[in-house]
1. Arrange the residues THR26, THR132 by how much accessible surface each exposes, largest first, with a 1.4 angstrom probe.
2. Name all residues of the range 43-73 having a backbone nitrogen under 19 Å from the label point set 7 Å from the Cα of LEU129 along its Cα→Cβ direction, giving them as ranges.
3. I'd like the FRET efficiency for ARG13 and LEU140, computed as 1/(1 + (r/R0)^6) with the beta carbon distance as r and R0 of 22 Å, rounded to 0.05.
4. Measure out, as a whole number of angstrom, how far apart the alpha-carbon centroids of the range 129-159 and the range 36-89 sit.
5. With a 1.4 Å probe and all protein chains kept in place, how do TRP151, TRP77 rank by accessible area, largest first?
6. Using only protein heavy atoms and a 1.4 Å probe, report how much of GLU47 is accessible, in Å² to the nearest 10.
7. For the range 1-88, give the percent of accessible area contributed by carbon and sulfur heavy atoms, probe 1.4 Å, rounded to a whole number.
Amino acid sequence: MSSEAEGAEGEIRSAIERGDIDAAATKALRVYGPELYGFLCALAKDEADASDAFSFFSENLWRSLRSFEWRCSVRAWSYRLARNALIDVKRGKRRDAVPLSAISEVAERVRTETATFLRTETKSELQRLRSTLPEDDQQLLVLRVDRNLSWQELARVFA
């Protein structure tokens with residue numbers, strides 16, 4: 001984990017210990033949101049599904065931080081939440097996301113800025129190649145190679 005991510009983990013933990021879940025969720029979304037949205041876009045193959053999953057993920061992150069047990073990093077936990085949100089979207093479990101005023105602006109900014117970055121020809125070709133792999137292999141490839149998650153973190157994500 002980079003020193004920036006370690007510093008973010010410390011700030012998130014401090015905010016949670018103070019009971020400031022909004023600040024913790026906002027920090028997590030600012031630091032990890034772009035890579036998580038990119039992960040969802042790579043796997044969803046449909047920008048609308050990725051966007052829905054990111055909304056559900058953001059809501060679930062905010063709700064889960066109060067009871068987060070620190071058995072893994074917030075980053076690894078976020079990947080698990082994002083993966084589960086995408087599974088729900090693909091299964092047709094759509095619901096109206098509850099607006100979370102403190103973090104909804106950050107989530108929308110992450111989604112918009114990241115979507116613009118992801119629209120390149122090279123990224124499209126890479127996505128096409130990855131799409132030939134089974135879905136679990138695609139996720140493993142993105143998380144291990146692109147996101148550099150440890151094997152232990154991957155076990156948490158796929159648990």
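The values are calculated or read from the model by the stated rules, or taken from the named source; none is laboratory data. Quick caveat: nothing in here was measured; it's all calculated off a predicted structure. Glycine also receives a Cβ, built like all others from the backbone with ideal geometry; neighbour counts cover every protein chain displayed. Ligands, DNA and RNA are stripped out before the accessible areas are found, and what is left, the full protein with its side chains, is counted by its heavy atoms. Shrake-Rupley method; radii C 1.70, N 1.55, O 1.52, S 1.80 Å.
1. Details: THR26 20, THR132 105 Å².
So, going from the largest accessible area down, we get THR132, THR26.
2. Inside the label zone: 43-45.
3. On the way: r = 28 Å, r/R0 = 1.26.
After rounding, the FRET efficiency stands at 0.20.
4. For the range 129-159 versus the range 36-89, the Cα centre distance is 14 Å.
5. Numbers: TRP151 155, TRP77 65 Å².
I get TRP151, TRP77, largest accessible area first.
6. Number for this one is 90 Å².
7. Working: 1560 of 3600 Å².
Here carbon and sulfur together make up 43 percent of the probe-accessible area.
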